[in-house]
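The values are calculated or read from the model by the stated rules, or taken from the named source; none is laboratory data. It should be emphasised that the depicted structure is a prediction, and the values quoted were computed from it without experimental measurement. Cβ: placed from backbone, ideal geometry, glycine included. Neighbour counts: every protein chain shown. Surface accessibility is based on the protein's heavy atoms, side chains included, excluding ligands, DNA and RNA. Shrake-Rupley method; radii C 1.70, N 1.55, O 1.52, S 1.80 Å.
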Amino acid sequence: QVQLVESGGGLVQPGGSLTLSCAASGITFHRYNMAWYRQAPGQQREVVATVTSDRSTNYGDSAKGRFTISRDNAKNTVYLQMNSLKPDDTAVYSCNAKFQFLEYWGQGTQVTVSS
């Protein structure tokens, strides 16, 4: 059974930092391209950051210069370090794993940026 379990969300003040984690099980993790998406209320889901199986990274415009995606294949985990958070970053952040025609999603973790 494939599971992607996100953690690390919560309430943070503007300008603060959070690190999200996504622990994967049931997949050959190192083969998968991993990504973080987010969806704010009333908005479409958008890609935040991606890291490929060979560790190439890419970022959505909203994340560039503030967020860092990384992966630890030994722990089957992908991370999203988020700095300089803004109220506009408030959303449910979800982990995605993709390999060829296989794709899996986590349940998501809420991030709220508010004073």
Failed item in (1) under 21 Å from Ala63 (Cα atoms); (2) assigned to a loop (DSSP other than H, G, I, E, B), with Ile27 passing the rest: (1)
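If the requirement is being out of contact with any Pro (no Cβ under 9 Å at 6 or more places or on another chain), assigned to a strand (DSSP E or B) and open to solvent by less than 90 Å² (accessible area, probe 1.4 Å), which of these qualifies: Leu11, Leu20? First the steps, then the outcome.
On the way: Leu11 fails: open to solvent by less than 90 Å² (accessible area, probe 1.4 Å).
Matching residue, one of Leu11, Leu20: Leu20.
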Residue list for the stretch 26-38, restricted to those being farther than 11 Å from Phe99 by Cβ and within 16 Å of the chain's Cα centre (by Cα): Ala35, Trp36, Tyr37, Arg38
Hits in the stretch 23-36 - residues which are under 12 Å from Tyr79 (Cα atoms) and buried (at least 20 other Cβ atoms within 10 Å of the Cβ): Ala24, Met34, Ala35, Trp36
Among the residues listed as Thr112, Thr68, the single one being in contact (Cβ under 8 Å) with a residue 24 or more places away in the chain and open to solvent by 40 Å² or more (accessible area, probe 1.4 Å): Thr112
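So how many residues does the stretch 71-86 have that are surrounded by 18 or more Cβ atoms within 10 Å (Cβ to Cβ) and in contact (Cβ under 8 Å) with a residue 60 or more places away in the chain? Step through it out loud before you land on a result.
Step one: list which residues in the stretch 71-86 are surrounded by 18 or more Cβ atoms within 10 Å (Cβ to Cβ), which gives 71, 76-80, 82, 85.
Add one more test, that the residue is in contact (Cβ under 8 Å) with a residue 60 or more places away in the chain, and what stays is 79-80, 82, 85.
Count: 4.
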